[in-house]
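So the structure is just underneath, and the comments pick up after that.
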Amino acid sequence: MSLAFAQHLPVLPIVVPLLFGAVMLLVERRGIAVQRALAATGMLALLAISIALVAQADEGRITAYLLGDWPARLGIALVVDRLGALMVLATTLLAAGCLLYACAGWDRRAIHFHALFQLQLAGLNGAFLTGDLFNLFVFFEVMLIASYGLLLSGGRGPRMRSGLHYVVFNITASTLFLIALGLLYGLLGTLNMAEMAARVAAADPANVALIRAASGVLLVVFCAKAALAPLYLWLPNAYSRAPAAVAALFAVMTKVGLYAVLRVYTLVFGDLALGTPAAALADWAWAWLLPAGLVTLVLATLGALASSSLRMLAAFLVVTSAATLFIAIALDTRASIAAGLYYLVHSTFVAGALFLIVDLIRRQRGVGDNLDTNGPLRHAPLLGLMFAVAAVSVSGLPPLSGFIGKTLLLDAVPHARMGWVWTVVLLTGLMAVVALSRTASQVFWRAEPWPETTPVPAPPARVQVLATVLLLGYGIALTVFAGPVLRYVDAAAGQLLAPADYVEAAHTTRPQLREPSP
């Protein structure tokens, strides 16, 4: 790796999609083929950058990149550790499959699709790499603005209604986010997360109650964006109405809220405050998140059981994955966080694949994705095989990655909490199996012959099948290479629980990386 490339590696996952998005706006009139070629080039570049970022982070070094070379307390800082690099790579891999699926034809129907897609990636990557709480807000907004365009573009009727609800809900959450930031800045004098950690630890006892109030507002905002009860009701309608490629990409968006909880409450309000008046700031958050996660898991699984359409089923399963992740991080141990990070990557890929499979079934089924009516289905063997792989993975059955993730989570549950957590996780897992089995029976086993008078739909495009198999393949790869992945996520969990290293790295100047000796 060259010295210049290594020095600027942390900023490239943000700059590259921004540049490609800007170029796509300029060449839109040259036709969809040019846009697709640029999108593919940008995705390959971003994939190479993401892999290099993970390789660099896996050396154990936390890298700070100070934009404009301003000191961290004054300027914008990007910080790359194992968790941030993992999230960027997972987002890029998911986006590759979603982009491939959209290029089968849907990208022609959405205005500025490719430019908005690149902007969405820039917002997601920026949120995972920023070391500043205000810039986390900025990247949240970049990500959300792009998602508004992707969701609403080309839509009408029910999609417009659910899309507008999604917009209003997120604007309200963003307003609360800004209020919390203003309060924290007034109390601490900075929004750089590393500097905030030091100042929270040294906070005046008279200000601790206000800091706790601001941290509570932040927690509500992050949980709302991650779809935790009772703030999850916006997600099923919005995701079930979104175009398949967009809904699949949205599978990682709930993980941004969860990532923010994990980052902020282990760093800003974490172990650096032990022995100080602010010591209990993070503990109350974990104590509240565990029961909320358990309740969300039960409610979302009941929603999946009651779903009357395939897309609604997939949307509720996204909520169940977010709830499972909140349970993992609320246990607040290295083993549970490592299990949660493995499950996070798994659930991102399998949820994305499920949205694509559901769309293929809907287009090949005579009654769409309606589960209340039996109907004919074309190409059932291929679609059935893909659905079976996704169902086994998402429900946590052996031998795929969902089983590994849930087994690791259950193994990490402390003995004192084993009764409630094991009961809820295992019972909801059984309910998910029932929901998916009922769906498979309704769609595949009860399929009727195709009426001779009804036009036969065109078979799925090869590129759509390839995109779906790609996302399913990621989950299979997580199973085959579970050893190296688990080693990485365990080290990432260890870094999260040692915030002093992050603080020290974020306060340094840009590292001068040297080429290895020949």
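Per residue of the chain, what 222 nm ellipticity follows from adding -39500 (n - 2.57) for every DSSP H run with n ≥ 4, rounded to the nearest 500?
After summing the helix terms and dividing by the residues of the chain, the value is -23500 deg cm²/dmol.
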Find how many whole Å separate the alpha carbon centroid of segment 68-142 from the alpha carbon centroid of segment 423-438. 33
Could you calculate the FRET efficiency of residue 373 with residue 458 from 1/(1 + (r/R0)^6), where r is the beta carbon distance between them and R0 is 30 Å, rounded to 0.05? 0.85
Per 0.36 nm of contour for each residue apart, how much would the distance between residue 427 and residue 334 grow if the chain were fully extended, relative to their Cα-Cα spacing? 31.0 nm
Under the Karplus relation 6.51 cos²θ - 1.76 cosθ + 1.60, θ = phi - 60°, what is the ordered set of whole-Hz ³J(HN,Hα) values for segment 202-208, x standing for Gly and Pro? 9, 5, 5, x, 5, 9, 4
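Starting from 0.36 nm per residue, how many nanometres of slack lie between residue 148 and residue 67 once their C-alpha separation is accounted for?
26.3 nm
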Using a 1.4 angstrom probe on the protein heavy atoms only, line up 160, 431 by accessible area, largest first. 160, 431
Within segment 374-395, whose backbone N sits under 14 Å from a point 7 Å along Cα→Cβ of residue 448? 374-378
Which shape class applies to segment 341-488: rounded if a/c is under 1.5, otherwise prolate when a/b exceeds b/c and oblate if not, where a ≥ b ≥ c are the square roots of the Cα gyration tensor eigenvalues? oblate
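Would you mind getting me the FRET efficiency between residue 202 and residue 418? Use the beta-carbon distance for r and R0 = 30 Å, nearest 0.05.
According to the calculation, E is roughly 0.20.
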Label points 7 Å out from Cα along the Cβ direction at residue 480 and residue 397: separation in nm? 2.2
7 Å from Cα along Cα→Cβ at both residue 172 and residue 33: what's the point-to-point distance in nm? 4.8
Diffing segment 474-482: the Karplus 3J(HN,Hα) column from phi (6.51, -1.76, 1.60, θ = phi - 60°), in whole Hz with x for Gly and Pro, holds 4, x, 5, 5, 4, 6, 5, 9, 4
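I'd like the FRET efficiency for residue 15 and residue 59, computed as 1/(1 + (r/R0)^6) with the beta carbon distance as r and R0 of 25 Å, rounded to 0.05.
It comes to 0.65.
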Report the relative contact order of the chain, percent, no decimals, based on alpha-carbon pairs under 8 angstrom and at least 6 residues apart. 18
Interchain or long-range residues, amide H under 5 Å from residue 309's placed H: 371
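The values are calculated or read from the model by the stated rules, or taken from the named source; none is laboratory data. Owing to the predicted nature of the structure, the values given are computational and were not obtained by experimental measurement. Neighbour counts run over all protein chains shown; Cβ positions are idealised from the backbone, glycine included. Accessible surface areas use protein heavy atoms only, side chains included; no ligands, DNA or RNA. Shrake-Rupley method; radii C 1.70, N 1.55, O 1.52, S 1.80 Å.
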